[in-house]
Amino acid sequence: MKLKMAKNSLFAILLRSPWWVSLLIVAAIALVSGALLSAPYAALAVIGGFPFLVIGAMAAWRQRHTPNPDRVAQVLAELGAMSWRAFADALAQAFAHQGYTVTRLNTKSVDMHLCKDARVTLVCCQRWKAASHGADALRALVAAKEAQGADQCMYVSLGKVTENARRFALAQGVHLVCEDELVQLISRVGVGRDLP
């Protein structure tokens, strides 16, 4: 049985926070324990900070490839300035770099057909510059996935995906590739390659 952590528990919040926040808590526990308690009790209190050390290590591991938010904004602006052809070429190269065989399609709901290890993924990305993305484009993508018997599908966007569309994507298994994930994917082929 898999246990699920409460979304707003202290540890869940620390996992979403920068890793060094947990280490500051460990340092604070050690300093306060050393100052207020006698030696044998201070050592026990410091051991109480161990879970925060573990959470800090987990957060650091998760955040190791996360780019700087300012750099993400810069790369997203570069992508937004690209033509459709340049963006689609860069995206196709990024998928090929991950080992996919990429076939470009020119349909209303699917732009790329990816194949890797006999698994087919359909990608919709032609509305990547839209300011907001609703569930309509996702419905068309899911319908194409079912019609073609694909294993999965991805929707790529620079703009915000509405909450309704996010719920639909979660329910239908549509992988949303936006913001940080898009920057990490596309930076492998030259755009924003020097992310910190």
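The values are calculated or read from the model by the stated rules, or taken from the named source; none is laboratory data. From a predicted model like this one, the values you see are computed outputs, not experimental measurements. Heads up, the Cβs are rebuilt from the backbone with ideal geometry, glycines too, and the neighbour counts pull from every protein chain shown. Ligands, DNA and RNA are excluded from the accessible area calculation, which covers all protein heavy atoms including side chains. Shrake-Rupley method; radii C 1.70, N 1.55, O 1.52, S 1.80 Å.
Quick one: angle between helix 50-63 and the longest Cα principal axis of the chain, in degrees between 0 and 90, rounded to 10, please. The helix 50-63 is inclined about 20 degrees to the chain. With both residues required to sit in the chain, DSSP beta bridges show an antiparallel share near 45%. Along each principal axis, taking the top coordinate minus the bottom one, the Cα set of the chain gives 73, 40, 33 Å in descending order.
Would you mind classifying the range 44-152 by shape? Square roots of the alpha carbon gyration tensor eigenvalues, ordered a ≥ b ≥ c; an a/c under 1.5 is rounded, otherwise it is prolate if a/b is larger than b/c and oblate if not. Each step should come with its number before you reach the end.
Values: a/c = 2.42, a/b = 1.85, b/c = 1.31.
In terms of gyration-tensor shape, prolate.
Using the Cβ-Cβ distance between N164 and K116 with R0 set to 35 Å, the FRET efficiency from 1/(1 + (r/R0)^6) comes to roughly 0.70. Computed from point charges on the beta carbon alone (+1 for Lys and Arg, -1 for Asp and Glu), the dipole magnitude for the range 84-133 about its Cα centre is near 140 Debye. Remark: the chain carries 59 Å² of accessible area per residue (probe radius 1.4 Å; ligands, DNA and RNA excluded). Shape class for the range 97-196, computed from the alpha carbon gyration tensor (a ≥ b ≥ c): oblate, with a/c not under 1.5 and a/b at or below b/c.
Counting protein heavy atoms only, the range 86-173 has 49 percent of its accessible area on carbon and sulfur, 1.4 angstrom probe. Assuming R0 = 22 Å, can you tell me the calculated FRET efficiency for the pair L36 and I13, based on Cβ-Cβ distance, to the nearest 0.05? Once rounded, the FRET efficiency stands at 0.30.
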